[in-house]
Each structure stands twice: as structure tokens, then as C-alpha cells.
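The values are calculated or read from the model by the stated rules, or taken from the named source; none is laboratory data. Small disclaimer: the values here were computed from a predicted structure and weren't measured. Cβ placement follows ideal geometry from the backbone for every residue including glycine, while neighbour counts extend to all protein chains displayed. Only protein heavy atoms, including side chains, enter the accessible area calculation; ligands, DNA and RNA are left aside. Shrake-Rupley method; radii C 1.70, N 1.55, O 1.52, S 1.80 Å.
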Amino acid sequence: LTLNVKEGKAAKIRHINLVGNDTYPDEDITKGWESHTSNWLSWYKRDDQYSREKLSGDIEKLNAWYLNRGHVDFSLDSTQVAISPDKKDMYLTAGITEGEIYSISDVAVSGDTVLPKEEIEQIVAFIKPGNIFSRGLLELATDAITARLSNIGYAFAQVNPVPTIDREKRTVGINMQVQPGPRVNVRRIVFKGNSRTADQVLRREMRQFEGSWYSQAAIDRGKVRLSRLGYFEEVNVENQPVPGSDDQVDVVYEVKETTSGSIAAGVGYSQLSGMNLSLQLSENNFLGTGNRVSVALTRSTYQKRYDFSFMNPYFTDEGLSLGYNLWWREFDYSSYNVAQYSTNSGAAQVFMGLPLSESDSISLMFGIDTNEILASPGSTPPPLVDYISAVGNRTFHSWRGQIGWGRDTRNDYFIPVAGSTQNLSAEIALPGSTVEYFKLSYDFAKYWPLSQMLVLKTGVNLGYGDSYGKSISRNLCYTAGTWVDGPDADTLPDTWVPGPPPSEPCLVTSPDYDKTVTANGLPFFENFYAGGIAAAGKVRGFVDNTLGPAYTSGSGYRQPLGGSFLVAGTVEAIFPKLFDSPAARVSAFLDFGNVYDGWDNFSASELRASAGIALLWRSPMGPLSISYAMPLRKKDGDQIERLQFTFGGQL
């Protein structure tokens with residue numbers, strides 16, 4: 001048996017006709033429908049293609065539209081679907097009777113309310129006599145009462161709203177009949193499917209406890225927390241009645257484990273860093289204990305990096321996390337669109353975190369680090385050389401402390417469509433460090449779900465740093481080696497050497513042969529940068545890290561220096577449904593920002609801005625980000641790069 005099928009093109013809706021709607025225009029009623037006539041976004045939404053399932057849902061929305069506006073006697077008299085002879089066009093017609101608008105006469109609560117009746121009445125206080133009747137508000141009131149009772153143990157509570165219709169007065173009286181059922185106790189919390197992860201790791205995420213009254217909110221929160229661990233592909237929860245008891249249940253969480261660690265070789269490429277090679281061994285659930293261990297080796301055009309990290313997220317039962325970081329980095333800033341110098345740096349750090357609530361936490365870090373600056377007197381900008389000369393040592397040692405606060409209410413870690421993130425941190429190089437300074441930073445992002453087809457993201461990044469305590473000064477002489485007694489004199493220009501104490505003059509006393517250099521403000525190697533797709537101050541359309549203060553040599557060669565004050569932000573319209581995949585999204589953005597040499601030099605007229613489109617794809621090889629931006633606000637000397645991308649991943 002052979003079936004030959006010719007699909008043809010999908011029929012499109014050419015006209016939607018509502019008959020009998022005297023109160024509201026067609027466009028208001030059909031605004032939220034999935035079925036529409038062809039429009040300029042139909043190529044994306046495909047809302048002009050006829051579907052029986054979509055039409056059924058739209059008819060229900062039509063019924064809800066009128067009931068939510070008080071039309072208690074609304075009726076749908078007929079629906080007709082017609083197709084053109086060539087089977088390309090569809091015509092939808094619905095005949096309706098609107099009926100009169102009813103208002104609420106009174107709201108009463110009856111039955112066994114368990115809680116004081118006044119408290120239940122307060123829950124539904126938003127439904128007031130005299131207001132227009134709304135089925136939607138009635139459903140909200142029912143759900144609010146049920147949720148309140150389920151959170152104090154009444155897992156099977158029911159609320160039946162009974163309307164009393166007076167058609168002569170055009171009013172509806174509402175009686176909320178509460179049936180709480182038995183108060184339920186949770187006997188056991190059972191986990192299934194965790195063959196590798198210890199029960200303790202799951203149990204510490206629970207907000208519902210055994211032997212306590214049932215709480216739906218606590219049970220749902222436990223499911224969310226398990227899903228956020230990253231150990232499980234699926235998390236499902238169900239209540240199982242205890243045989244022979246009508247007031248006890250077992251709560252069963254069934255999980256499907258997924259790979260939580262990796263041994264990966266990584267290859268990536270970006271316009272800023274070129275080819276990136278990495279080897280990473282990581283395990284987020286080490287031996288099923290929930291501890292995180294990571295070892296990473298990275299090499300690119302501008303850096304060599306070796307990292308080791310360990311963290312126990314539950315060092316104490318109260319949720320205090322404790323971890324350690326060890327790393328060594330060799331960084332060539334001249335290949336990073338920054339002033340020409342290199343650093344060899346290493347650090348040992350201990351950090352801890354403490355949750356304040358389900359979405360808020362604070363963090364503390366203390367560490368020691370060393371940073372060797374390798375400057376080239378012939379190419380490194382003189383302001384940087386003078387800073388090193390003033391300190392008198394090219395190796396900087398720091399005792400570093402940091403405190404931070406964070407809030408995360410996003411609904412998804414990778415591609416959120418609702419919620420927000422906030423991070424505020426303060427870092428300080430403690431007294432006794434080679435140079436003493438502090439850095440403050442604040443990052444904020446919020447996602448506004450305007451519809452299923454459009455999400456608006458707004459964000460801002462602020463950063464500021466400065467030195468504290470006394471500034472460091474040093475005298476330099478233009479003499480060929482008369483006073484070469486200072487440390488690391490080879491880091492200075494060939495003709496400038498460390499001089500004697502300020503009380504003693506140089507051999508040749510002249511402004512051209514005798515100068516004092518000072519090290520103050522935020523150290524140049526801690527500066528903020530802006531511009532491009534990779535910098536913290538992201539302003540796409542400009543070459544990475546090139547905005548803000550810079551040193552220009554006599555030959556016109558420009559070297560970005562960064563700044564101690566960062567201002568950047570973005571407004572982004574995200575289209576999550578453009579591709580039928582949760583791993584890809586397209587957005588249109590407006591970026592703005594710049595860095596300044598201290599906030600005293602901030603000027604809104606110096607802000608740069610750009611607009612464009614971006615693609616983010618979580619490919620099997622790793623994240624791919626591509627943007628094309630047109631600078632809207634630029635100045636002479638800015639380095640423009642409209643097409644930018646980064647790509648990295650696992651082999």
C-alpha cells in the first residue's frame with residue numbers, strides 16, 4: 001500500500017470576523033489570540049497559519065474576555081471556518097451574544113476556614129462589592145485561599161466559589177465555600193534515581209521537613225533547588241498517601257542523574273584572543289558529595305593560565321560554603337588591545353559564602369598574590385613606567401580582601417526570560433601591600449517578559465577604584481649610572497635611573513635632568529576597560545578594550561590605558577522564539593559606556609553608544625556569540641569593529 005502525499009503550502013488566515021460584538025472592537029478582542037491575519041511579524045510568529053488547536057484556544061480566550069469584563073450572560077452562538085477554492089486562504093467567523101454587564105453585590109466566606117475568617121476575607125479583599133464581575137479575579141481568589149491553606153498542612157483543600165445571579169439588578173453575589181479536608185503531615189521524604197549522588201546532598205536542599213506539616217511552597221522550592229544543582233536532567237515530585245492514614249503523605253522526589261563532571265580539551269577562537277587551547281578536569285559532584293573540584297590549563301595568544309579550585313557548598317549544615325583557589329597567569333597585555341607590558345602573577349585565595357535567603361547571599365574572600373610587571377622602556381607608555389619607578393619595584397605583593405552581595409531570581413541559568421541578577425562587591429589591597437587600593441563594582445541585569453515572543457533586558461555595569469593612604473613618590477635623575485642603587489633599575493628607561501633621596505639633588509640640576517614621579521590612584525594593572533564584546537564594559541561595535549584614556553606616542557601609535565571609573569549599560573530586545581530551540585536566541589541591542597580616569601573626569605558627552613543585532617547559540621561545541629553593531633556615538637580616534645564574535649567549547 002503506497003500513499004502519495006502532496007503537502008502544498010499552509011493555508012493562511014485572510015479574515016477574522018466577529019458578529020455581535022457591539023461593545024468592543026475586533027482588534028481589542030483578538031489582540032491576545034494565537035490566530036491572526038497576515039502582518040509584518042507573521043514570518044516569525046507564524047500566527048497567520050490556520051490551526052484547529054489554536055482556534056479552539058482562541059475561542060476559550062473569547063469566552064474568558066467577556067466573563068472577565070462582567071458579561072455573565074455571554075454566549076457563543078456559532079463558529080464557521082471557510083476555505084477558498086484554491087485552499088490557500090481561510091476565513092474565520094464567530095457569532096456571539098454579549099449580554100449585559102454584571103457587578104458584584106457581596107462577597108462571603110463560608111465553611112471550615114481553619115484560619116480566622118477575617119484572615120481569609122483579607123486574602124480576597126481585592127474583590128470588592130460594586131466592582132465589575134470578573135471570572136479571572138475569582139480564580140485568583142480561589143487559588144490564593146487554596147495556596148494559603150496548603151502551606152499550613154491542608155494539602156487537599158478545596159474552595160468552591162458559588163455565584164448567586166440577580167438578573168434584574170444585574171449583580172452577582174459570591175460565596176467562597178472552603179473545604180479544608182484533613183491536615184496532612186509529611187511522614188517521609190524519599191529520593192529515587194540518585195544512584196551516584198548521596199541522599200544527604202539532596203536532603204540538604206529541602207525546605208519541607210519530615211514530621212512537619214505539609215507545605216506546598218516548601219515542596220516546590222525543594223524541587224527548584226534540586227534543579228539548580230546541575231546534577232540532574234529531570235526532577236519530578238509527587239505525594240504518596242500513607243496506607244491506612246488519611247492525614248499523612250510521603251513526598252517522593254524522583255531524579256534522573258546527568259553528567260556533572262568533564263575531562264575536556266577545549267578549542268576556541270575570538271578576534272581579541274585568537275586561538276584558545278585549554279584542558280580542563282572538573283567535577284561539580286565529586287564522588288557524589290556535592291563538592292566541586294576543578295583543574296584547568298589555558299593557553300592563548302595573550303595568556304598562559306593554570307588554575308586549581310575546590311569548594312564545599314555545605315561546609316556547615318547552615319549552608320556556609322568554603323573553597324580555595326590557586327592560580328598562576330602569564331599575561332601579555334599588548335596582545336589584548338591594552339598598553340604594552342606583561343605580567344607574571346599568582347595567587348592563593350580562600351573564600352566562603354553564606355546564603356541570606358533563597359535568592360540572596362554574601363561572600364567573603366581573603367588571599368595573597370604577587371604580580372611581576374615586565375615593562376619595555378622603549379614601548380611601554382611613560383605614565384606606566386613612571387608608576388613602576390615611583391614604587392621602586394616591579395613586583396607587587398598584595399594581601400587582598402573582598403566582600404560581596406548577590407541576588408539571583410532568574411528562572412533559567414543559561415537563557416533566562418524573567419527575573420534579575422545583582423552583584424555588589426568591594427575589594428581592598430590591605431595595609432602592608434606594595435600599593436594600597438580598593439575597587440568597587442556593581443552589576444545589574446533584569447529580564448522583562450513582555451510576551452512569549454519578546455523579552456526586554458536592561459543592564460548596567462559600574463566600577464570605581466582608587467588608592468588610599470599616602471601616595472608614593474621617588475626622585476629620578478638623567479645620569480648615566482651615577483646613582484644606580486635602587487632596586488630593579490633595569491625596568492626604567494635607559495637614561496633615567498633611580499635618584500638619591502629627595503633631599504639630595506641630581507648631579508645635573510635641571511627640569512630636563514631631574515624629576516619626581518608619584519604612584520597614586522588605582523594601579524594601572526587593575527584598571528577597568530570598555531569596548532567590544534569581551535570587556536566588562538561591553539560596548540559592541542568598538543574594538544575590545546580600546547575606549548577611554550590612552551597614550552599616543554609621537555608616531556601616532558595609540559595604547560589604551562583603561563580607567564578607574566567604569567560606566568556601561570545595555571537595553572536589549574530578545575526574541576526567544578525566533579528559533580525553535582532553547583539553545584539559540586536573537587536580540588537587538590543598544591549599548592553605551594566608557595571608562596574615565598577617576599569619577600571627577602566623568603562626562604556624559606564622552607559616553608559611546610552603538611546599536612545592532614546579536615546571535616547567541618549554545619552549540620554542541622560550546623557557546624557562540626556573534627554581533628553586528630553600528631556606532632551611534634563615536635569620536636575621532638575611536639577604533640570601530642562592526643562584526644564581532646567569540647567562540648569556544650569542548651572537543
Subject >> Residue in segment 175-197 that is assigned to a strand (DSSP E or B), modelled with pLDDT under 90 and touching a strand residue (DSSP E or B) at 6+ places or on another chain (Cβ under 9 Å) present >> reply: no
Subject >> Filter pass, Arg207 being open to solvent by 70 Å² or more (accessible area, probe 1.4 Å), under 19 Å from Gly319 (Cβ atoms) and outside any strand (DSSP E or B) >> reply: yes
**OP:** Quick one: Thr171 ticks every box in (1) among the hydroxyl-bearing types (Ser, Thr, Tyr); (2) under 26 Å from Thr289 (Cβ atoms); (3) more than 28 Å from the chain's Cα centre (by Cα); (4) surrounded by 18 or more Cβ atoms within 10 Å (Cβ to Cβ) except a single one, so which number is it?
**Re:** (2)
**OP:** Specify the residue that is nearest to Lys457 (Cα to Cα); the eligible residues are those in segment 414-428 that are in a loop (DSSP other than H, G, I, E, B) and open to solvent by 40 Å² or more (accessible area, probe 1.4 Å).
**Re:** Val417
Original post:
Taking interchain pairs and intrachain pairs at least six residues apart, which have beta carbon atoms under 8 angstrom, with the first residue in segment 505-528 and closer than 30 Å to Asp466 by Cα and modelled with pLDDT under 90 and the second open to solvent by 40 Å² or more (accessible area, probe 1.4 Å) and among the β-branched types (Val, Ile, Thr)?
Top reply: Asp514/Val508; Thr518/Ile472; Ala519/Ile472; Asn520/Ile472
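Taking segment 282-312 only, how many residues are more than 30 Å from Leu374 (Cα to Cα) and part of a strand (DSSP E or B)?
So the count comes out to 7.
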Original post:
Between a first residue in segment 177-202 that is within 28 Å of Phe286 (Cβ to Cβ) and open to solvent by 50 Å² or more (accessible area, probe 1.4 Å) and a second residue that is modelled with pLDDT under 90 and of a type outside the set (Val, Ile, Thr), which pairs have beta carbons less than 7 Å apart while being 6 or more apart in sequence or on different chains?
Top reply: Ser195/Glu257; Arg196/Glu257; Arg196/Gly288
Original post:
Which condition number in (1) within 27 Å of Thr146 (Cα to Cα); (2) part of a loop (DSSP other than H, G, I, E, B) is the one that Gly230 fails?
Top reply: (1)
Subject >> Checklist (1) farther than 30 Å from Thr258 by Cα; (2) outside any strand (DSSP E or B) applied to Pro161, failing item >> reply: (2)
**OP:** Give the residue that is surrounded by the fewest Cβ atoms within 10 Å (Cβ to Cβ), with candidates limited to residues of segment 618-651 that are aromatic (Phe, Trp, Tyr) and at pLDDT below 80.
**Re:** Phe645
Original post:
Does Ile127 count as closer than 17 Å to Leu67 by Cα, among the aliphatic types (A, V, I, L, M) and touching a strand residue (DSSP E or B) at 6+ places or on another chain (Cβ under 6 Å)?
Top reply: yes
Original post:
In this structure, does Ala348 turn out to be of a type outside the set (D, E, K, R) and not in a loop (DSSP other than H, G, I, E, B)?
Top reply: yes
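Do we have Phe315 as open to solvent by 30 Å² or more (accessible area, probe 1.4 Å), touching a strand residue (DSSP E or B) at 6+ places or on another chain (Cβ under 6 Å), in a loop (DSSP other than H, G, I, E, B) and free of Cβ contacts under 8 Å to residues at least 40 places away in the same chain here? Don't jump to the end; show me each part of the working.
Values: open to solvent by 30 Å² or more (accessible area, probe 1.4 Å): yes; touching a strand residue (DSSP E or B) at 6+ places or on another chain (Cβ under 6 Å): yes; in a loop (DSSP other than H, G, I, E, B): yes; free of Cβ contacts under 8 Å to residues at least 40 places away in the same chain: yes.
When the stated conditions are applied, Phe315 passes them.
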Original post:
Within the set of pairs 6+ apart or on separate chains, which have a first residue in segment 420-431 that is under 17 Å from Thr370 (Cβ atoms), a second that is modelled with pLDDT under 95 and not in a strand (DSSP E or B), and C-beta atoms under 7 Å apart?
Top reply: Ala429/Val435; Ala429/Glu436
Subject >> strands (runs of 3 or more DSSP E) fully within segment 59-142 counting 1 or more residues that are free of Cβ contacts under 8 Å to residues at least 60 places away in the same chain, of a type in the set (S, T, N, Q) and open to solvent by 20 Å² or more (accessible area, probe 1.4 Å) >> reply: 75-83
Original post:
Of everything in segment 353-377 that's part of a loop (DSSP other than H, G, I, E, B) and touching a residue at least 60 places away in the same chain (Cβ under 8 Å), which residue is farthest from Phe438 (Cα to Cα)?
Top reply: Glu358
Original post:
Somewhere in segment 563-579, is a residue assigned to a loop (DSSP other than H, G, I, E, B) and at pLDDT 90 or above?
Top reply: yes
Original post:
In the set Ser35, Ser42, which member is open to solvent by less than 70 Å² (accessible area, probe 1.4 Å), within 20 Å of Leu454 (Cα to Cα), polar (S, T, N, Q) and at pLDDT below 85?
Top reply: Ser42
Subject >> Identity of the residue in segment 468-498, in a strand (DSSP E or B) and either open to solvent by less than 40 Å² (accessible area, probe 1.4 Å) or modelled with pLDDT under 50 (or both), that ends up farthest from Ser379 (Cα to Cα) >> reply: Asn475
Original post:
Could you list, in sequence order, the residues of segment 456-467 that are over 15 Å from Thr570 (Cβ atoms) and surrounded by fewer than 18 Cβ atoms within 10 Å (Cβ to Cβ)?
Top reply: Asp466
Original post:
With (1) out of contact with any Leu (no Cβ under 8 Å at 6 or more places or on another chain); (2) not in a helix (DSSP H, G or I) as the list, and Gln200 as the residue in question, which single condition is left unmet?
Top reply: (2)
**OP:** Within segment 364-409, track down each residue that is at pLDDT 90 or above, surrounded by fewer than 17 Cβ atoms within 10 Å (Cβ to Cβ) and small (Gly, Ala, Ser).
**Re:** Gly401
Original post:
Condition test on Thr146, is it out of contact with any Lys or Arg (no Cβ under 7 Å at 6 or more places or on another chain), of a type in the set (Val, Ile, Thr) and surrounded by fewer than 17 Cβ atoms within 10 Å (Cβ to Cβ)?
Top reply: no
Original post:
From Ser321, Ser294, which residue is within 23 Å of Leu202 (Cα to Cα), under 27 Å from the mean Cα position of the chain (by Cα), open to solvent by less than 40 Å² (accessible area, probe 1.4 Å) and at pLDDT below 90?
Top reply: Ser294
